[in-house]
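Laboratory data are not the source of any read-out in this text; all were calculated from the coordinates shown. Keep in mind that this is a model prediction, so the values were computed, not measured. Don't worry about glycine lacking a Cβ; one is built from the backbone with ideal geometry, like all the others, and counts go over all protein chains shown.
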Amino acid sequence: MRAHNIEGTAQALVVAGVITPDQLQGAISAIESYWQNAIAIIWEIEDVRLLNPSLTDDECREVLAIADSNHDANYGINWEVLDASIQSHFPDGIRGQSRPT
C-alpha cells in the first residue's frame with residue numbers, strides 16, 4: 001500500500017475519533033507494518049472521474065463496486081475494467097477525453 005493511502009487511513013481514524021492525534025504516528029507505523037509483506041492496488045473515485053467527469057461521488061462508488069464484483073481475477077481491475085463498468089451502468093454518460101497512463 002502506498003504511503004499516501006496509509007497516511008490517509010490513519011488520518012481517517014483520527015477524524016472518526018477512533019484514535020487521538022497523538023496516536024497518529026503509532027497508527028501509521030502499525031498500518032505500515034501490516035502491509036510490509038503484502039501489496040494492494042487502490043482505485044479511487046478520482047480515477048473513475050478521469051474516465052467520466054460527469055459522474056457524482058456516489059456514482060463513482062457504484063462503478064468501483066461493479067468493477068470489484070465483476071472483474072476477472074486473472075487480469076484484476078484496470079482502466080478497461082473501469083471503463084466497461086461505467087459503460088454497463090451509465091451507457092449514456094459522457095466519457096473522458098483520454099485514458100490516463
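If Rh is defined by the Kirkwood formula over all Cα pairs and Rg also comes from Cα, what ratio Rg/Rh do you get for the chain?
Radius of gyration relative to Kirkwood radius: 1.07.
Determine, from the Cβ-Cβ distance of Asp72 and Glu7 and an R0 of 30 Å, the FRET efficiency 1/(1 + (r/R0)^6), rounded to the nearest 0.05.
Between Asp72 and Glu7 the formula returns 0.45.
Which log10 I(q)/I(0) values does the range 45-89 give at q = 0.17, 0.30 Å⁻¹ under the Debye formula, counting every alpha carbon as one identical point scatterer?
With one equal scatterer per Cα and no solvent, log10 I(q)/I(0) is -0.38, -1.11.
With θ set to phi - 60° and the Karplus curve 6.51 cos²θ - 1.76 cosθ + 1.60, what are the ³J(HN,Hα) couplings of the range 72-78 in order, to the nearest whole Hz, using x for Gly and Pro?
Karplus-based 3J(HN,Hα) across the range 72-78 equals 7, 4, 6, 10, x, 9, 9 Hz.
Through the Karplus equation 6.51 cos²θ - 1.76 cosθ + 1.60, θ set to phi - 60°, convert the phi angles of the range 27-38 into ³J(HN,Hα) values in whole Hz; use x for Gly and Pro.
Values per residue, Gly and Pro as x: 5, 4, 4, 5, 5, 4, 5, 4, 8, 4, 10, 8 Hz.
Before anything else, pin down the relative contact order of the range 45-89: Cα pairs under 8 Å, at least 6 apart, normalised by residue count, whole percent.
Here the relative contact order equals 40 percent.
Within the range 1-22, whose backbone N sits under 16 Å from a point 7 Å along Cα→Cβ of Asn37?
The answer is 1, whose backbone nitrogens lie closer than 16 Å to the label point.
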